[in-house]
Structures are given as C-alpha cells and as structure tokens.
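Participant: Here it is: the structure, laid out below.
The values are calculated or read from the model by the stated rules, or taken from the named source; none is laboratory data. All figures in this text were calculated on a predicted structure; none of them were measured in a lab. FYI the Cβ positions are ideal-geometry reconstructions off the backbone, even for glycines, and counts take in every protein chain you see.
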C-alpha cells in the first residue's frame, strides 16, 4: 500500500510539472495571412531578415540599401517619408 501511494504521488507530481511547463511555453501560430492592415509577426520577421543581411551602420556600404528599403516599405503603406542628411551624435559629442 505504501509503495502504490508513493508511485501515485510521483506520477501526479510528474504530471503537474509537465502541465506547468507546457502551459508556460509560448506557442507559435502562423499569421502571414492576416489582413494587410493588421500586425503580422511573420511579415515583420521578413523585413528584419531583409534588413539584417549585412551590417548597415552609418558609413557601411549596406546602410543606403537598408535606408532605401525602409523608405520603399513605408511608402507602400501610404506614408510620406523624408531623408535627413547629416549626422551628429548630439550636442555633447
């Protein structure tokens, strides 16, 4: 009797731990088919992938390519864009 009680208790603890971990883990649901006006993680990650193909800090060759990509995508959404020329790190340096 004592062994069966211990076994049942162990199985219940394992089941509780398993359910806790499963419910705490995030789930992924593809959302690329959502309306164009809604936010889609899949579409956003596609843009991140396009922009992260090469380093694109100011002065790097890919900087202007990424800038142009962002401008094109914003204009596709019907937004007005402008590019500001010049660079400053601020008043203190």
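Participant: Got at least one residue in region 38-53 being touching a residue at least 12 places away in the same chain (Cβ under 8 Å), over 30 Å from residue 84 (Cβ atoms) and outside any loop (DSSP other than H, G, I, E, B)?
Facilitator: Checking region 38-53: at least one residue is touching a residue at least 12 places away in the same chain (Cβ under 8 Å), over 30 Å from residue 84 (Cβ atoms) and outside any loop (DSSP other than H, G, I, E, B).
Participant: For the list (1) surrounded by 10 or more Cβ atoms within 10 Å (Cβ to Cβ); (2) assigned to a helix (DSSP H, G or I); (3) at pLDDT below 90, I need the number of the one condition that residue 14 fails.
Facilitator: Against the list (1) surrounded by 10 or more Cβ atoms within 10 Å (Cβ to Cβ); (2) assigned to a helix (DSSP H, G or I); (3) at pLDDT below 90, residue 14 comes up short only on (3).
Participant: Of all residues in region 17-33, which are in a loop (DSSP other than H, G, I, E, B) and loosely packed, with under 10 Cβ neighbours inside 10 Å?
Facilitator: 25, 26, 27, 28, 29, 30, 33
Participant: I would also like to ask the following. Which members of region 38-61 meet the condition of being touching a helix residue (DSSP H, G or I) at 6+ places or on another chain (Cβ under 8 Å) and closer than 16 Å to residue 73 by Cβ?
Facilitator: 47, 50, 51, 56
Participant: Follow-up. Identify the residue in region 34-70 that is within 17 Å of the chain's Cα centre (by Cα) and exposed (fewer than 10 other Cβ atoms within 10 Å of the Cβ) and, among all such residues, is farthest from residue 89 (Cα to Cα).
Facilitator: Here the residue is 38.
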